[in-house]
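The values are calculated or read from the model by the stated rules, or taken from the named source; none is laboratory data. Bear in mind the structure is a predicted one, so any value in this text is a computation, not a measurement. Neighbour counts run over all protein chains shown; Cβ positions are idealised from the backbone, glycine included. Just the protein is used for accessible areas: all its heavy atoms, side chains included, with ligands, DNA and RNA removed. Shrake-Rupley method; radii C 1.70, N 1.55, O 1.52, S 1.80 Å.
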Amino acid sequence: KYEHISMVLYHDLGLKRSQQMFSDLNRHAIRPTKSLNILFDNRDDASVLVKNLVKKVTVFDGLVDAEHTSIPNRSTALFTLSAIYRGTLELLKGSNSSAAMQQALAVSYWQEVCNNMPEWCAVKNGSMKSSVVRKESLASLSITVRSIGSIGRMLIDKYPSGWEAQLTRLKAVDWKKSAPEWQDGIVVSGSVMSSRATQQMMTDILKKMIVDG
């Protein structure tokens, strides 16, 4: 009795009309983006956690596109909500802590990451345009945010009381798409490849630089 759904009623104009309406509705239906699903989902604990996280992490606040999977060219946003969601799930994977502890860890981790990502800070303080970073750098792309979440889990496991110091190595990473470490795997002919293999490759590269270095 506490749930509500919308319903649209159509006048029955015959079998052919009903069949055509069925075909049209299913053929042209547009699924909401992953970011929108997260934004409107208040039942899923992870969605709620990430939405709270975005408000509490300085760089994220005001720079997250909560509607699109790919940020429009003229947008001032630097991240998509879905990217931060996936990155945070990677960070908290396997955690048995309470929701409050997970929230605190996620906020602490991403705030520390932000402090060590010069491009993110430059956009936040207005010295660089988000469109330039999105076009020329890997720093804010979904593949990067997710990999940074993955290495966070590794850092916390390996350095439970000193992971913050390891994150300072992020400052030395060359995020430009033209950097040699990304070529012929992650970046091909100037375009970023999006696949499971590419995601794993990015994580492996950052692991060597940040966790094992």
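What dipole magnitude, in Debye to the nearest 20, does the chain give about its Cα centre under +1 on Lys/Arg Cβ and -1 on Asp/Glu Cβ? Spell out each step's value before the answer.
Numbers: 27 positive and 20 negative charges, 63 e Å.
Dipole of the chain, to the nearest 20 debye: 300 debye.
When the chain is treated as a GNM, springs tying every alpha-carbon pair under 10 Å, which of Ile148, Ile84, Ile71 comes out with the largest mean-square fluctuation?
Of Ile148, Ile84, Ile71, the most mobile in the Gaussian network model is Ile71.
With 12 Å as the cut-off, how large is the P(r) tail for region 165-213, expressed as percent of Cα-Cα pairs?
Details: 735 of 1176 pairs.
Counting every Cα pair in region 165-213, those more than 12 Å apart make up 62 percent.
Using only the alpha-carbon atoms, what does region 118-187 span along each of its principal axes? Please give whole angstrom values in decreasing order.
So the three principal-axis extents are 36, 33, 19 Å.
Can you tell me the FRET efficiency between Glu3 and Asp45 if r is taken as the Cβ-Cβ distance and R0 is 25 Å, rounded to the nearest 0.05? Please list the in-between numbers first.
Details: r = 19 Å, r/R0 = 0.77.
With R0 = 25 Å, the Cβ-Cβ based efficiency is 0.85.
Where in the chain lies the longest segment free of trypsin sites (Lys or Arg not before Pro) that are both loop residues by DSSP (not H, G, I, E, B) and have at most 15 other Cβ atoms within 10 Å?
Working: sites that count: Lys1, Arg43, Arg74, Lys93, Lys129.
My reading of the result: 130-213 is the longest stretch.
Pairs Lys1/Lys93; Lys1/Lys51; Lys129/Lys177: which exceed 24 Å Cα-Cα? Spell out each step's value before the answer.
Working: Lys1/Lys93 35 Å; Lys1/Lys51 28 Å; Lys129/Lys177 16 Å.
Over 24 Å apart, Cα to Cα: Lys1/Lys93; Lys1/Lys51.
Counting pairs of alpha carbon atoms under 8 Å apart in space and at least six apart in sequence, what relative contact order in percent does the chain give? Let's see the in-between values first.
On the way: 226 pairs, mean separation 36.4, N = 213.
Result for the chain is 17 percent.
Taking one equal scatterer on every alpha-carbon of the chain, how large is log10 of I(q)/I(0) by Debye at q = 0.11 1/Å?
Per q value, in the given order, log10 I(q)/I(0) is -0.59.
Suppose all protein chains stay in the model; what accessible area per residue would a 1.4 Å probe give for the chain, in Å²?
Values: 12940 Å² over 213 residues.
In whole numbers, the chain has 61 Å² accessible per residue.
Just the number, please: carbon plus sulfur as a percent of the accessible area of region 1-84, 1.4 Å probe, no ligands or DNA/RNA counted.
Values: 3540 of 6580 Å².
In region 1-84, the share of accessible area belonging to carbon and sulfur is 54 percent.
If a/c stays under 1.5 just call it rounded; otherwise compare a/b with b/c (prolate if a/b is bigger, oblate if not). Do that for region 1-53, with a ≥ b ≥ c from the square roots of the Cα gyration tensor eigenvalues.
Details: a/c = 5.86, a/b = 2.23, b/c = 2.62.
Cα axes put region 1-53 in the oblate bin.
What FRET efficiency, computed as 1/(1 + (r/R0)^6) with R0 = 41 Å and r the Cβ-Cβ distance, is obtained for Val132 and Lys55, rounded to the nearest 0.05?
Details: r = 26 Å, r/R0 = 0.62.
So, using R0 = 41 Å, E works out to roughly 0.95.
Putting +1 on Lys and Arg Cβ atoms and -1 on Asp and Glu Cβ atoms, find which of Leu49, Phe79, Tyr10 reaches farthest to the positive end of the dipole of region 1-86.
Towards the positive end, the residue furthest out is Tyr10.
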